[in-house]
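The values are calculated or read from the model by the stated rules, or taken from the named source; none is laboratory data. In this text, all values refer to a predicted model and were calculated from it rather than measured experimentally. We place every Cβ from the backbone using ideal geometry, glycine too, and count neighbours over all the protein chains shown.
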Amino acid sequence: MTNSSISGGGGSGSGGGGGSDSRFFTTQKKGEMHELRLELHSTDRTTKVDAVKKVIASMTVGKDVSGLFTDVLNCVQTGNIELKKLVYLYLINYAKSQPDLTLLAVNTFVKDANDPNPLIRALAVRTMGCIRVDRITEYLCEPLGRALRDEDPYVRKTAAVCVAKLYDIAPDLVEERGFIETLHDLISDSNPSVVANSVAALSEISETSGRDVMKISASVLQKLLAALNECTEWGQVFILDSLAKYTPAEAREAEGIIERVTPRLQHANSAVVMSAVKVILSYMDIMGGGTNATPGGGGGAHAESIRALTRKLAPPLVTLLNSEPEIQYVALRNINLIVQKRPSILENEIKVFFCKYNDPIYVKMEKLEIIIKLVSERNIDQVLLELKEYATEVDVDFVRKSVSAIGRCAVKLERAAERCIGVLLELIQTKVNYVVQESVVVIKDIFRRYPNRYESIIATLCDNLDTLDEPQAKASMIWIIGEYAERIDNADELLDTFLETFEEEDPAVQLQLLTATVKCFLKNPEETQDMVQRVLDLATEESDNPDLRDRGFIYWRLLSTDPEAAKLVVLGDKPVIEDDTFRLEPNLLNVLVGQIATLSSIYHKPPEAFVVRAKRSPMRDDLGVGDVGEEIEEVDEEEYEDENDVNNGGGADLLDMGGLSVNNNAKSGGMGDMFGAPSEPEARMAKVCAPEKSGGIELWAGFRQVGGAVQLELDVRNISSSVPISNMAIQLNKNAFGLSPANQQIVCNPPVPMGGSGKQSVELVSNPNMMVQVQAGQPASPQIQVAIKNMTTGLVFYFAANFALEALFTSNGGALERGAFIEAWKSIDDKKELYGTVSDLPAASTDIDQVAAKFKMHRIYLIARRPVPNAEGQEVAYFSMRTLTGMVFMAELTFKKGVNAAKVCIKTENIAYGVQAKLALENLLRF
């Protein structure tokens, strides 16, 4: 509403300007702050409105206009609602950085909350709720209590939402004032919008608190159903979502609620339709038609009702597929769940999921998934014709998915398997590289599903060995050769062609080659003895892959001690693979169906898998930490320019990681030393604060990662403070990495006397509220601004350190599969590449093996290496890395023999952080 008010007020507020609000974004001449201040104090209303719009425009494009806080605040004393909205918008934006000055507006808020105009009363309450400053909260309660019982419904519905906002700031205060009970009373309100907002507020409070405060009773249920027909579309969504969480006492009650909800299936808003579908699906179980049916729920008696509902659900779901592609995608993700829960709903509608030529790729992929789930022996022929047509498209990913879908149809439908194989053989004859490779992969699955039935086609597959260059396809073909070696005359020769490049192959291919060679040896030992010996040597002596080595040693021991036992293990009958079309566990499926029309149903994950609600920690006013947090918000980056000079442009303070000691008082003695293994590298420290700026304390700082947690390492040196350093409080300013301290208190044990020093570790956590949004086209700033308060002396001092991005790298998913690396590299636009050259490198940093070992310690993984064609002595190595926050970086490093330099190329979708990733690699190469 605020945005519409600003744009809507442009015409009336522009006065004689005769232009749109875009004129307020034009560049101001020199001295604009002074001119704005004069205009804000003008007696002419039009001039004052225009001045505030200019301030809002500057604020919108990222300019700091907090210096005009008092001047803008003076404009709030007006009866003009347009000007008041603008001022309130400004206050909301700068209240957190100017909490003391915001208190000056409290009297205006209280006064406006009693204004005769209901729009102004509602605006005052809404604004106070949006100002997330604890000191304002106590002044909000009285106006909010009156607004909840206001005679105007617009004020009441605004106040209802404000209760949920207040609960997020001060839950105890909401409960003490009885606002939750008031919201329950508002469910009985005569205005449907008030009812809907009350339901939304109670639902939000339930999610925040983790307990059910909605408490739908029989009387409340009837009021919700009555309001459902009259409130706005979004109000209907809130009410339907609350009904989905309600459990009817019996099947008859469930049927009655469904009858009242069913008309919502015809609604024009897709969100209302999906919420109604969610309610009906949830209640159908209670009517006796699902796994959640209650005993004696009348399953038989209500069977006809369930069939009727099934017929009613299909048309609205089909209608959603005529919407925009984005809505189609969301609908398809939800339909994917629905057909797993109740396939009968759409079993006759498979044609609506056939792909159109102009469908976006993400819509096509989802349609294929649903086609596979709905395919049956009745419609398999038309589905195969459709999939065969898709396999001739130009989009490679879609073609692969289509070929894979044919194989999945064969796995799902035993009677149709032969027809599916026939289509796959036709596709193989096209000789299109990626079609052949995907066909080999799915045929391997068909062999595993139906052993000893379709082996006659192996000869055709062997004729296409030359086209296989992808790891998955190679591994599949090798598995087929090994499994059916006795039926292939030249099986050993075929395997030998793969063994020529054994060391360069993907680990998945190497594992299959090892197993297939052992199978071939057990079936024909006389001709393959030399080959199996060579493979075992390669696997156990030449490979650094632990899985490959371990399997090689197991096979070696089996073959050397008991060949018959080896036959039982390697050649024994294996269970056939199962159809995974309906792959979700029943319990998880029930949870996801209950989350239809939410993000959970799009991700196909329960909410707790991707939503983490931060628990509020009590304010540590006794330690004064709150003061540090408020002061640091006002620190200007210019304060740190002198201190950053010691960081050599940000390079020297990109730190290594390592260490296991909790207090870091010793440089060794961690768990790694106990077991004789090398510990993680120490953090490289940089001086960040001189004693003259911090009361005699000199600080050195660095970053590293320990046990999956990012840590700020501090070396505290008491240069001239006569008071021993014992307790400190720490706070981080907002930064590009969203890092904040897990615990704001630092306890020096023992205290650091004058002339002494001590090491401290501060664990950092990722907090979205602490993240500074990086402007488009600009690199993320590596600088992390820190405030520390000496609790003994009360002195607060500041410093800044450049963050080392390698401290964020994780071993979980950091090493991409070779195929995934290549696809990701190709998919990223060349404009998102960053280049650099690192010179004067130590000799160890020009050897790829040593570089890979060093990088691996920092969770940067070698993917592949190759010589540069037509460039003697040059070699390229490819690395991948992933941050704890999910950003993926890929690197290409070029080395030349005899030259102490390297070229670095970084490629990433997170281009704003690419500079930091490149800098991390360059620093690791230098040191």
key: Verdict on Ile458 being without any contact (Cβ under 8 Å) to a residue 60 or more places away in the chain, surrounded by fewer than 22 Cβ atoms within 10 Å (Cβ to Cβ) and under 24 Å from Gln510 (Cα atoms)   = yes
remark   = Of the candidates Lys96, Lys54, Lys63, the one satisfying the condition of being assigned by TED's automatic domain parsing to the domain that holds Ala164, over 23 Å from Arg156 (Cα atoms) and modelled with pLDDT of 85 or more is Lys54
query = So which residues in the range 568-622 are farther than 28 Å from Val411 by Cβ, at pLDDT 75 or above and touching an Asp or Glu at 6+ places or on another chain (Cβ under 8 Å)?
reply = Ala597
query = Taking Lys351 and the conditions (1) of a type in the set (Lys, Arg); (2) at pLDDT below 90; (3) assigned to a helix (DSSP H, G or I), which numbered condition does it fall short on, given that it satisfies the others?
reply = (2)
message = Being closer than 29 Å to Pro116 by Cα and either hydrophobic (A, V, I, L, M, F, W, C) or assigned to a helix (DSSP H, G or I) (or both): is that true of Ala160 here?
response = yes
remark   = Filtering the range 411-450 down to residues that are of a type in the set (A, V, I, L, M) and under 23 Å from Val363 (Cα atoms) yields Val435, Val442
message = From the list Lys367, Lys351, Lys341, Lys373, exactly one residue is touching a Gly at 6+ places or on another chain (Cβ under 8 Å) and within 22 Å of Val277 (Cα to Cα). Which is it?
response = Lys341
query = Of all residues in the range 879-921, which are closer than 21 Å to Ala864 by Cβ, over 22 Å from the mean Cα position of the chain (by Cα) and surrounded by fewer than 21 Cβ atoms within 10 Å (Cβ to Cβ)?
reply = Glu892, Thr894, Lys896, Lys897, Lys903, Val904, Cys905
request  = State whether the residues of the range 551-558 include one that is of a type in the set (Phe, Trp, Tyr), out of contact with any Gly (no Cβ under 8 Å at 6 or more places or on another chain), under 19 Å from Ile443 (Cβ atoms) and without any contact (Cβ under 8 Å) to a residue 60 or more places away in the chain.
outcome  = no
inquiry  = Cβ-Cβ under 8 Å, sequence separation 6+ or interchain: first residue in the range 133-144 and under 16 Å from Asn93 (Cα atoms) and of a type outside the set (A, V, I, L, M, F, W, C), partner modelled with pLDDT of 75 or more and not in a helix (DSSP H, G or I). Which pairs?
reply    = Asp134/Ala170
message = Condition first: of a type in the set (A, V, I, L, M, F, W, C) and over 23 Å from Arg135 (Cα atoms). Now tell me which residues in the range 66-104 satisfy that.
response = Ile81, Leu83
inquiry  = Going residue by residue through the range 394-406, is there one that turns out to be of a type outside the set (Asp, Glu) and not in a helix (DSSP H, G or I)?
reply    = yes
task = Evaluate the following for Asn733: is it assigned by TED's automatic domain parsing to the domain that holds Gly707, over 32 Å from the mean Cα position of the chain (by Cα) and buried (at least 20 other Cβ atoms within 10 Å of the Cβ)?
result = no
key: Val195 vs. criteria at negative phi and modelled with pLDDT of 90 or more   = yes
inquiry  = Tell me whether the range 217-240 contains one or more residues that are touching a helix residue (DSSP H, G or I) at 6+ places or on another chain (Cβ under 7 Å) and more than 15 Å from Ser193 (Cα to Cα).
reply    = no
message = If a residue counts only when it is touching a strand residue (DSSP E or B) at 6+ places or on another chain (Cβ under 6 Å), without any contact (Cβ under 8 Å) to a residue 60 or more places away in the chain and not basic (Lys, Arg), which strands (runs of 3 or more DSSP E) contained entirely in the range 844-927 have at least 3 such residues?
response = 861-867, 874-882, 888-896
ask   = Any residue in the range 190-202 that is within 34 Å of the chain's Cα centre (by Cα), among the small types (Gly, Ala, Ser) and surrounded by fewer than 22 Cβ atoms within 10 Å (Cβ to Cβ)?
value = yes
query = Out of (1) touching a Phe, Trp or Tyr at 6+ places or on another chain (Cβ under 6 Å); (2) modelled with pLDDT under 90, the odd one out for Cys130 is which?
reply = (1)
note = Exactly one of Glu817, Glu892 is modelled with pLDDT of 85 or more, in contact with a Cys (Cβ under 6 Å, 6 or more places away or on another chain) and within 28 Å of Thr501 (Cβ to Cβ), and that residue is Glu892
ask   = Which helices (runs of 4 or more DSSP H) sit wholly inside the range 177-269 and have at least 1 residues that are assigned by TED's automatic domain parsing to the domain that holds Tyr154?
value = 179-186, 192-209, 218-228
ask   = Looking at the range 358-368, is at least one residue crowded, with 19+ Cβ neighbours inside 10 Å, touching a helix residue (DSSP H, G or I) at 6+ places or on another chain (Cβ under 8 Å), more than 19 Å from Ser402 (Cβ to Cβ) and in contact (Cβ under 8 Å) with a residue 24 or more places away in the chain?
value = no
request  = Give just the number: which of (1) assigned by TED's automatic domain parsing to the domain that holds Gly898; (2) in contact with a helix residue (DSSP H, G or I) (Cβ under 6 Å, 6 or more places away or on another chain) does Ala843 not satisfy?
outcome  = (2)
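Condition check ((1) within 19 Å of Gly695 (Cβ to Cβ); (2) assigned by TED's automatic domain parsing to the domain that holds Ile911; (3) touching a residue at least 12 places away in the same chain (Cβ under 8 Å); (4) touching a Lys or Arg at 6+ places or on another chain (Cβ under 8 Å)) across all residues:
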residue	(1), (2), (3), (4)
Val747	yes, no, yes, no
Pro750	no, no, no, no
Met754	yes, no, yes, no
Asn767	no, no, yes, no
Gln773	no, no, no, no
Ala780	no, no, yes, no
Ile784	no, no, yes, no
Ala787	yes, no, yes, no
request  = Check the range 822-829 and report whether any residue there is within 27 Å of Gly738 (Cβ to Cβ), part of a loop (DSSP other than H, G, I, E, B), out of contact with any Pro (no Cβ under 6 Å at 6 or more places or on another chain) and among the acidic types (Asp, Glu).
outcome  = yes
